[in-house]
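Here the structure comes first, spelled out in structure tokens, and everything after it is commentary.
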Amino acid sequence: MDKRQGSYEVPMFITGSDYHDRQTVKAFRSGIDFLPFAASWMKISSEKLPDNPCQWLEDSVCSHQNEVFRYSGEKVRYQDLPKLDLNTFSQENP
């Protein structure tokens, strides 16, 4: 289940009464760094949070956003996981 890139491609959206435009971020984001983003978005600061977190709402590549955790707890590079396509799925699930 966690052996392919598709297992980690979960859409995320943010909405609020003061948002009037739609913006799409196509740069890869890893949930590993979600807490600093959420704190920044809610204007929460703490000395325990990184000073320069990834700007999640900007469509730019962020450092340290290329790793994901498998269910076993192993951290792997997302790009090293094979892509999920219909051919692969049908071969593994005849």
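The values are calculated or read from the model by the stated rules, or taken from the named source; none is laboratory data. Since we're looking at a predicted model, the values are computed, not measured. When we count neighbours, we look across all protein chains shown, and the Cβ atoms used for this are built from the backbone with ideal geometry, even at glycine.
In the stretch 1-23, the qualifying residues are those that are modelled with pLDDT of 85 or more and charged (D, E, K, R), and the one that is farthest from residue 63 (Cα to Cα) is 18. Just for the stretch 41-88: of the residues that are of a type in the set (Ser, Thr, Tyr) and surrounded by 13 or more Cβ atoms within 10 Å (Cβ to Cβ), which one is modelled with the highest pLDDT? So the residue we want is 78. Selection of first residues in the stretch 49-77 that are closer than 28 Å to residue 21 by Cα and touching a residue at least 12 places away in the same chain (Cβ under 8 Å) and of second residues that are surrounded by 14 or more Cβ atoms within 10 Å (Cβ to Cβ) and basic (Lys, Arg), restricted to Cβ pairs under 9 Å at least 6 apart or on distinct chains, gives the following pairs, ordered by first then second residue: 54/29; 56/29; 62/29; 65/29.
Modelled with pLDDT of 80 or more and either over 12 Å from the mean Cα position of the chain (by Cα) or more than 16 Å from residue 5 (Cβ to Cβ) (or both): does that describe residue 91? No. Against the criterion of being in a helix (DSSP H, G or I) and either farther than 25 Å from residue 81 by Cα or among the acidic types (Asp, Glu) (or both), residue 40 qualifies. Among the numbered conditions (1) assigned to a loop (DSSP other than H, G, I, E, B); (2) at pLDDT 85 or above; (3) surrounded by 13 or more Cβ atoms within 10 Å (Cβ to Cβ), the only one that residue 26 does not meet is (3).
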